[in-house]
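What follows draws every value from the coordinates through simple rules; no lab data is involved. The shown structure was predicted, so the numbers you read here are calculated from the model rather than taken from an experiment. Don't worry about glycine lacking a Cβ; one is built from the backbone with ideal geometry, like all the others, and counts go over all protein chains shown.
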Amino acid sequence: MSAQKDFNRHTIAIVYDFDGTLSPQPMQEYTVLPKIGVPAKQFWQTVDREKEADQAEGMLVYMRHLLEEAERKRIHIGRKDFAEMARSIEYFAGVETWFQRLNSFVRKAGRGQVRLRHYLISAGLREILEGTSIRRHFEQIYASEYHYDHHGVATFPKVLITDTTKTQYLFRINKGRERQTESINEHMPEYQRPIPFSNIIYIGDGHTDVPSMTVTRQNGGNAIAVYKPDSQRALHVCRELLQARRADFIAPADYRHNGVLEKRTKLLLSAVMANIAYERELFRCRVENHIAEI
Ligand SMILES: [Mg+2]
């Protein structure tokens, strides 16, 4: 392999969970549950009961229950229907302008030498997320997805993402192997990884984000836990994450300009940019002195 000539680890990734992080309620509650006429509380109780009784994977149970309910009510749900339903999704305050604000912050502070990308990793449904108004801000959306039969009807899970399998996608981002079918198991030296973990900031809202926060932080990355403003229970969960050092910072899920979350995120971004500047200079110094990367 020829020696690397230019420093290329100048991309920062902010990786988001969706439900409870960018949007207050699970996405199904704005979209598919009203469509099939099932009250959210009843739906999740049924899923939880069956999960417990059958010792089943909760995500698979909910994906099957959605299809069974739609079938029972004779409601057709195709890929497009999911995307159209996404218009009903609500976001926390400031989410819709958050991405541009951070992009311009990094563009200015990084003097054009740092790139910022946003990624979404969700156990929810990709079909719904693809229809959201904030879709265009994401480099990739990783989420559970249905297989559709020749009538265009969802029949079976095609991709399943759970709390723990979310971590696979952190490595996809880290290694630049972003397609679902690309192998991420071969060894890749640190210097070849396009987005080192130290350039990753993970933002999530609770216990389901613990595996992702832990993988990110233990590999030198950063994590922020957000909580629904005015929810004591959510605040308590975040304080536990902070105490256990699973998150660098916690903040209310209020994405508006000059809010606590924006300030803390910008602080982390500044720290990451300073580290990128250091790594770039280190790289140049080593190249000048004919020292190979290892
Ligand atoms: Mg969540």
Find which of LEU268, VAL47, ILE134 sits farthest along the positive direction of the dipole of the chain, computed with +1 on the beta-carbon of Lys and Arg, -1 on that of Asp and Glu, about the Cα centre. LEU268
Principal semi-axes in Å for the chain [√(5λ), Cα gyration tensor, largest first]: 36, 22, 17
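Taking the Cα centre of the range 1-142 as origin, sum charge times position over the Cβ atoms of Lys and Arg (+1) and Asp and Glu (-1), and report the length of that vector in debye to the nearest 20.
It works out to roughly 900 debye.
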May I ask which residue of LEU170, HIS147, ILE184 lies farthest towards the positive end of the charge dipole of the range 144-209, with charges of +1 (Lys, Arg) and -1 (Asp, Glu) on Cβ and the Cα centre as origin? ILE184
Reachable lysines from LYS41, Cα under 18 Å, same-chain residues fewer than 8 places away excluded? LYS51
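Below 8 Å, C-alpha to C-alpha, sequence gap of six or more: please give me the relative contact order for the range 180-271 in percent.
On the way: 114 pairs, mean separation 20.0, N = 92.
About 22 percent, as a whole number.
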For the residue pair HIS207 and TYR148, what label-to-label distance in nm results when each label sits 7 Å from Cα along the Cα-to-beta-carbon direction? 3.6
Rank SER270, SER183, SER133 by mean-square fluctuation in a GNM of the chain with C-alpha springs under 10 angstrom and give only the top-ranked residue. SER183
Residues with beta-carbon under 13 Å from that of ALA40, excluding ALA40: net charge, scoring Lys, Arg +1 and Asp, Glu -1? -2
Residue-ordered couplings for the range 126-143, obtained by feeding phi - 60° into the Karplus form 6.51 cos²θ - 1.76 cosθ + 1.60 and rounding to whole Hz (Gly and Pro as x), are 4, 4, 6, 4, 4, x, 6, 5, 9, 3, 5, 7, 9, 5, 9, 10, 10, 7
Highest mean first, what order results for 117-128, 170-181 on Cβ atoms within 10 Å? 117-128, 170-181
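Return the ratio Rg/(2.2 N^0.38 Å) for the range 107-150, where Rg is computed over Cα atoms only. Spell out each step's value before the answer.
Working: Rg = 14.6 Å, N = 44, 2.2 N^0.38 = 9.3 Å.
Compactness ratio reported: 1.57.
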Along principal axes, Cα extents of the range 146-275, largest first, whole Å: 48, 39, 28
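When the chain is fully extended, how far beyond the present Cα-Cα distance does ARG107 get from LEU267, taking 0.36 nm per residue of separation?
Numbers: separation 160, 0.36 × 160 = 57.60 nm, distance 1.47 nm.
Answer, rounded to one decimal: 56.1 nm.
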What ³J(HN,Hα) values, in whole Hz, does the Karplus curve 6.51 cos²θ - 1.76 cosθ + 1.60 give for the range 245-259 when θ = phi - 60°, with x put for Gly and Pro? 6, 7, 10, 5, 9, 10, 6, x, 6, 10, 8, 6, 4, 6, x
Suppose a student asked you for the relative contact order of the chain, using Cα pairs under 8 Å spaced at least 6 residues apart; what percent would you report? 22
Strictly over 28 Å apart at the Cα level, which of LYS80/LYS228; LYS35/LYS175; LYS108/LYS175; LYS228/LYS263 would you flag in this model? LYS80/LYS228; LYS35/LYS175
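Please list the equivalent ellipsoid semi-axes of the range 27-82, computed as the square roots of five times the alpha-carbon gyration tensor eigenvalues, in descending order and whole angstrom.
Values: eigenvalues 79, 27, 20 Å².
Semi-axis lengths for the range 27-82 are 20, 12, 10 Å.
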From the Cα centre of the range 269-283 to that of the range 109-171, the distance in Å is 29
Any residue on another chain or 5+ positions along whose placed amide H is under 5 Å from the amide H of GLN25 is listed here as GLY20
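Per Stokes-Einstein, at 37 °C and 0.692 mPa s, what whole-number D in µm² s⁻¹ belongs to the range 1-153, with the Kirkwood radius over Cα pairs as the hydrodynamic radius?
Working: Rh = 17.6 Å.
Once the numbers are plugged in, D ends up at 186 µm²/s.
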Just order 52-63, 206-217 by mean Cβ neighbour count inside 10 Å, highest at the front, would you? 206-217, 52-63
Helix 40-54 sits off the longest principal axis of the Cα atoms of the chain, rounded to the nearest 10 on a 0 to 90 degree scale, by 80
Which angle from 0 to 90°, rounded to the nearest 10, does the C-alpha axis of helix 95-109 make with the longest principal axis of the chain? 10
Give the long-range amide H neighbours of ILE250: residues separated by 5 or more places, or on another chain, with amide H under 5 Å away, using H modelled in the peptide plane at 1.01 Å from N. ALA225
Principal-axis tilt of helix 58-72 within the chain, Cα atoms, nearest 10 degrees: 40
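About the Cα centre of the chain, what is the dipole size in debye to 20, counting +1 per Lys and Arg Cβ and -1 per Asp and Glu Cβ, all else neutral? Walk me through the intermediate numbers first.
On the way: 42 positive and 37 negative charges, 201 e Å.
Roughly 960 debye for the chain.
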Taking a straight Cα-to-Cα line shorter than 17 Å from LYS73, and setting aside same-chain aspartates and glutamates fewer than 8 residues away, one finds ASP81
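Kirkwood Rh over Cα pairs of the range 225-292 into Stokes-Einstein at 37 °C, 0.692 mPa s: D in µm²/s? Could the numbers behind the result be given before it?
On the way: Rh = 14.3 Å.
Answer, rounded: 230 µm²/s.
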Pull up the cross-link candidates among the aspartates and glutamates for LYS266, meaning alpha carbon to alpha carbon under 15 Å and not fewer than 8 places away within one chain. ASP248, ASP254
